[in-house]
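Encoded as structure tokens, the structure appears first; notes follow it.
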Amino acid sequence: MFFSILLLAHFQAAIIPILLGIRSINNFKHIHKNELIPFGFIFLGLASISEMIDHTQTSWIYVDHSSLFNWLFYSFLSLGLTFLSISVLKNRIIQKTNFCISLCSIISYFLFDKTIALLFQVIISILLIINWQRVFKDWLFILYPIFGIIFTTFFGTRLSISGDQFWHILIGPSGTISVLTFYLVLKRSDKKFT
């Protein structure tokens with residue numbers, strides 16, 4: 001029973017972003033680089049798929065380790081957040097800077113350590129929050145840092161410290177709420193801009 005719930009928690013974290021990405025194709029024309037939005041969502045879904053594949057190597061028990069699929073998880077997560085972030089930017093220098101930070105996260109995972117990659121992930125999230133809040137000014141966006149950063153970090157920390165896999169079940173749905181927040185903010189902005 002527990003394994004089924006754990007599998008479902010991961011499966012929905014992969015499928016929902018991919019479906020939102022497909023649904024975003026040729027939408028949100030009021031966003032400067034709207035063609036990047038579907039890629040942002042799909043990369044987030046691919047991050048979850050990579051994590052699921054990584055879990056098959058650890059019998060679905062969370063293990064804090066470095067591996068190819070763990071690197072893919074962080075890489076797709078970095079790309080997804082970056083594509084969503086730069087989709088709203090008009091300044092090409094800031095777009096390129098955001099993308100370079102994402103590449104630094106991806107490369108640093110293997111060159112240095114996963115911890116360094118996580119520091120770049122924090123910068124990516126901060127830039128995303130700044131960029132989206134500046135453009136959309138939507139109170140609903142507060143759900144992203146609450147669920148996508150605070151809760152997932154809390155649940156992940158509890159999981160690492162205790163080893164209790166119950167916390168593992170909560171991470172995927174919490175991340176999905178943050179992904180849904182992106183989509184809802186985009187939908188609400190469509191009405192504001194038209």
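The values are calculated or read from the model by the stated rules, or taken from the named source; none is laboratory data. Keep in mind it's a predicted model, so treat the numbers as computed, not measured. Neighbour counts run over all protein chains shown; Cβ positions are idealised from the backbone, glycine included. Quick note on the areas: whole protein, heavy atoms, side chains included, nothing else; ligands and nucleic acids left out. Shrake-Rupley method; radii C 1.70, N 1.55, O 1.52, S 1.80 Å.
Before I look further, what does segment 1-191 give for accessible area per residue, probe 1.4 Å, in whole square angstrom?
Working: 9630 Å² over 191 residues.
Using a 1.4 Å probe on heavy atoms only, each residue of segment 1-191 averages 50 Å².
Taking 26 Å as the cut-off for C-alpha to C-alpha distance, list the pairs among Lys29/Lys96; Lys90/Lys187; Lys90/Lys114; Lys96/Lys137; Lys114/Lys187 that go past it.
Violating the 26 Å limit, Cα to Cα: Lys90/Lys114; Lys114/Lys187.
Which Cα, out of Ser4, Thr58, Asn27, lies furthest along the positive dipole direction of segment 1-191 (beta carbon charges, K/R +1, D/E -1)?
Asn27
To the nearest 20 debye, what charge dipole does segment 1-191 have about its Cα centre, counting +1 at the Cβ of each Lys and Arg and -1 at the Cβ of each Asp and Glu?
My answer is approximately 900 debye.
³J(HN,Hα) across segment 49-65 via Karplus (A = 6.51, B = -1.76, C = 1.60, θ = phi - 60°), whole Hz, x for Gly/Pro?
4, 4, 5, 4, 5, 4, 5, 5, 7, 10, 6, 6, 9, 5, 10, 7, 8
Over segment 1-191, what lengths in whole Å, largest first, do the semi-axes of the equivalent ellipsoid take, defined as the square roots of 5 times the eigenvalues of the alpha-carbon gyration tensor? Don't jump to the answer; show the numbers that get you there.
Details: eigenvalues 145, 71, 42 Å².
Sorted largest first and rounded, they come to 27, 19, 14 Å.
Can you tell me the 0 to 90 degree angle between the C-alpha axis of helix 2-24 and the longest principal axis of the chain, rounded to 10?
Relative to the chain, helix 2-24 is tipped by roughly 20 degrees.
Give me the net charge for the shell around Trp71: Cβ to Cβ below 10 angstrom, other residues only, Lys and Arg +1, Asp and Glu -1.
Taking every other residue near Trp71 into account, the sum is 0.
Kindly express, to the nearest 10 degrees and within the range 0 to 90, the angle between helix 152-162's C-alpha long axis and the longest C-alpha principal axis of the chain.
Relative to the chain, helix 152-162 is tipped by roughly 10 degrees.
Tell me, what % of the accessible area of segment 1-191 is carbon and sulfur with a 1.4 angstrom probe?
73 percent
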